[in-house]
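Before any comments, here is the structure.
The values are calculated or read from the model by the stated rules, or taken from the named source; none is laboratory data. No experiment lies behind these values; they were computed from the predicted model shown. Positions of Cβ are generated from backbone atoms using ideal geometry, with glycine treated the same way; all protein chains shown enter the neighbour counts. SASA here: full protein model, heavy atoms, side chains in, ligands and nucleic acids out. Shrake-Rupley method; radii C 1.70, N 1.55, O 1.52, S 1.80 Å.
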Amino acid sequence: MPTLRSGEYTARAMNRLTVAAVALNQTPLAWEENLLHIRQAIAEAKETGAQVVCLPELCVPGYGCEDAFHAEAVVEESLKIVEKLARDSKGIVVNFGVPLAVQGAVYNTVAVAINGELRGFVAKQHLAGDGIHYEPRWFKPWPRGVVSCVEIRGKEYPVGDIFFDIDGIRIGFEICEDAWVAERPGIFLAQHGVDIILNPSASHFAFGKHEIRKRFVTEGSRACGTAYVYANLLGCEAGRIIYDGDTLISSHGELIARGERFSCRDVVITTGVVDIDRSRLLRRRISGFRPALDDGGRCVSVRGFSLKPATRATTSSVASWEDSRFLKYEEFSRAVALGLFDYLRKSRSEGFVVSLSGGVDSSAASVLVAIMVQAAIQDLGIAAFRKKLGYISWMAKAKNEKDIISRLLACVYQATRNSSRITHEAAIALAKQLGASSFDLDIDPLVRGYTSLIEKELGVSLSWEKHDLALQNIQARVRAPSVWLIANLRRALLLTTSNRSEAAVGYTTMDGDSSGGLSPLGGIDKAFLREWLRWMETTGPEGLRSFSTLRLVNTQEPTAELRPLVKKQTDESDLMPYEVLDVIERYAIRDKRMPIEVYELLGERFKNKFASQQLAHWIKRFFTLWSINQWKRERYAPSFHLDDENLDPKTWCRFPILSGGFAKELEALAKHVAPKRKRR
């Protein structure tokens, strides 16, 4: 594994300090568990010789408490725990993320403890209110330059836009979103001579986001002439967001340490040695740098305690997969595996059930469960893996990875007369290679029973010519009771298998293939899943298995197999090519483009592949299906957020259930692309 080192410095030893960035896997309102993890982090950080320890944002109650932040009891319990933790800070500086009530309003703050005493609260100035973040619903932004005080158990503490002077070394904070804005607090902290900026964050995972964080951490340390310590949450904290546990340490514009991402451990610590004198030298050299002359009462002076010089060099190991040319595939595999692992244990479920059809989506969901087991055992060791899932009665006796997968994952193939031999072979072969429990059910008699019952009651004979949609949907819905029964009997989570592309156009049967408690693929598009499965067939995540039987899945055209086989049904013939659908979705939903704008953009992108009239037809189909299927998206099971293009109306993309759709805009599109008549 490649190693990052702090470099050769000539500064005085007294100003070389060991700092620690900590990733924590917390759970909202799990007070005792969260407290245990924080105490473990403090103890382990002290063992490394760290003098300054940065913990993630709102790590005491958990970031995802949602409207519970309005409860007075949550604020009070958070403060009680901080008072306990402050005593653990003997000999170090450490922050604890807590909600804090000040004069009737609640703020997102970090409580700062120094050498065993609570010394003050720094409040977040810029709240995250876009996408999945709703902080303005719960907190108020703190105004820059304002300092107040709060009384706790008869003692007053400073709160607000403050920083700390610890025997001549100054420490300040940017809390998550504070670092993502143009007028970031770090600029003003640097003008007050701050030497170290700590950034406690709760920054959700998204593809490519790690590189953005690296840039603002390193650039922040360079532009501000400081050391910079970034700490993030880890794991699936509250159900939808996955945190990658990113930890970064930079000094004078150089990244000196970065931590492991997507770990299944509760605590991951990254340490680095920062040179305060070298950072001060950089500040003196920065052209146009203007120090502030008056701190406005923002400096909290701490005397009688000195930070000890570093005694160890910086070492930071980075997994080699981080440099893979298949990074997006690696991140997807590891992020969803971690999400599944945390969702399993935090919901205290005893396994997963997948209705494995032999197609792309159900195969991907099944493979991800197997990856979850592999990755977690590799990370934790089998003994610690069993301990984490110790609430499962049989887990203590599980012998190995194969034994665990066979008990944790059940794959159910449910055939009708419209199911093909190839999907049956693909499902059975994949379940066998994964090592899952496998069920092979013939549900055609149940489907026939329902249709016969309704035919008799209505006095009509149902046919594909007249009743196509109803006959398709009854098959999908008949599959739900059987697979739910198996999930209930196994006390397991039923995974739905819809992806984001299908969600966009409502290509799913409610109470059929949408049935389940968790939708691990709901945030990812079909085109990516098809590419990823081809990679999983031949390569797979570094250090983990690939699955050769996926070739039986990858050689098929995606199909729901709900019409008679002679009709040769495929997803793309029902909808449009997925590569086109996914591009339309991004332009229309992510970029908020109207149909004519989407048409012009698509024409540029696919001008040599599809006719303009065909593109216009698909655009009309997309916008129509998007508008009439919002009610389905409102009912989907919770899904993981994997990029910043999610369609989840509860946490990302809101749209009216009832609307006029885009009728006027689609009419304009039709006129725009209509062939012009030739003059006589």
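From (1) farther than 22 Å from LYS346 by Cβ; (2) without any contact (Cβ under 8 Å) to a residue 12 or more places away in the chain; (3) open to solvent by less than 50 Å² (accessible area, probe 1.4 Å), pick out the condition that doesn't hold for PHE121.
(2)
How many residues, within the range 524-561, are among the β-branched types (Val, Ile, Thr), closer than 20 Å to ALA335 by Cβ and buried (at least 17 other Cβ atoms within 10 Å of the Cβ)?
Of the residues in that region, 1 qualify.
Going residue by residue through the range 156-163, is there one that turns out to be out of contact with any strand residue (DSSP E or B) (no Cβ under 9 Å at 6 or more places or on another chain) and open to solvent by 30 Å² or more (accessible area, probe 1.4 Å)?
Among the residues of the range 156-163, not one is out of contact with any strand residue (DSSP E or B) (no Cβ under 9 Å at 6 or more places or on another chain) and open to solvent by 30 Å² or more (accessible area, probe 1.4 Å), which makes the answer no.
Being over 23 Å from LYS567 (Cβ atoms), open to solvent by 50 Å² or more (accessible area, probe 1.4 Å) and either of a type in the set (Lys, Arg) or part of a strand (DSSP E or B) (or both) is the requirement here; does ARG491 meet it?
Yes; evaluated as a whole, the condition is true for this residue.
Would you call ALA128 part of a strand (DSSP E or B) and in contact with a helix residue (DSSP H, G or I) (Cβ under 7 Å, 6 or more places away or on another chain)?
No: the conditions fail for ALA128.
Going through the range 312-333 one residue at a time, which ones are more than 20 Å from ILE256 (Cα to Cα) and either open to solvent by less than 30 Å² (accessible area, probe 1.4 Å) or assigned to a loop (DSSP other than H, G, I, E, B) (or both)?
SER324, ARG325, PHE326, GLU330, GLU331, PHE332, SER333
Could you run through the range 442-467 and say how many residues are closer than 25 Å to TYR413 by Cβ, open to solvent by less than 40 Å² (accessible area, probe 1.4 Å) and acidic (Asp, Glu)?
1
Can you pull out the residues in the range 562-576 that are in a loop (DSSP other than H, G, I, E, B), without any contact (Cβ under 8 Å) to a residue 60 or more places away in the chain and open to solvent by 30 Å² or more (accessible area, probe 1.4 Å)?
Across the range 562-576, the qualifying residues are LYS568, THR570.
Which residues, counting only those in the range 141-193, are more than 30 Å from the chain's Cα centre (by Cα) and on the phi > 0 side of the Ramachandran plot?
Answer for the range 141-193, where residues must be more than 30 Å from the chain's Cα centre (by Cα) and on the phi > 0 side of the Ramachandran plot: GLY145, ARG153, GLY154, ASP167, GLY168, GLY193.
Among the helices (runs of 4 or more DSSP H) confined wholly to the range 577-669, which include 2 or more residues that are open to solvent by 30 Å² or more (accessible area, probe 1.4 Å)?
The helices (runs of 4 or more DSSP H) meeting that bar are 595-605, 612-628, 630-635.
From the list GLU66, GLU83, GLU44, pick out the single residue that is open to solvent by 10 Å² or more (accessible area, probe 1.4 Å) and out of contact with any strand residue (DSSP E or B) (no Cβ under 9 Å at 6 or more places or on another chain).
GLU66
Is it true that some residue in the range 129-138 is of a type in the set (A, V, I, L, M, F, W, C), crowded, with 20+ Cβ neighbours inside 10 Å and either on the phi < 0 side of the Ramachandran plot or at pLDDT 95 or above (or both)?
There is no residue in the range 129-138 that is of a type in the set (A, V, I, L, M, F, W, C), crowded, with 20+ Cβ neighbours inside 10 Å and either on the phi < 0 side of the Ramachandran plot or at pLDDT 95 or above (or both).
Among the strands (runs of 3 or more DSSP E) confined wholly to the range 192-311, which include 1 or more residues that are of a type in the set (S, T, N, Q)?
196-200, 247-251, 267-275, 299-302
Every residue, every condition in (1) part of a helix (DSSP H, G or I); (2) out of contact with any helix residue (DSSP H, G or I) (no Cβ under 7 Å at 6 or more places or on another chain); (3) farther than 22 Å from GLN433 by Cα, yes or no:
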{"position": "ARG348", "(1), (2), (3)": "no, yes, yes"}
{"position": "LEU356", "(1), (2), (3)": "no, no, no"}
{"position": "ALA365", "(1), (2), (3)": "yes, yes, no"}
{"position": "ILE371", "(1), (2), (3)": "yes, no, no"}
{"position": "ALA375", "(1), (2), (3)": "yes, no, no"}
{"position": "ALA383", "(1), (2), (3)": "yes, yes, yes"}
{"position": "LYS387", "(1), (2), (3)": "yes, yes, yes"}
{"position": "TYR391", "(1), (2), (3)": "no, yes, yes"}
{"position": "LYS402", "(1), (2), (3)": "yes, yes, no"}
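Could you tell me whether any residue of the range 297-307 is in contact with a helix residue (DSSP H, G or I) (Cβ under 8 Å, 6 or more places away or on another chain) and open to solvent by less than 40 Å² (accessible area, probe 1.4 Å)?
no
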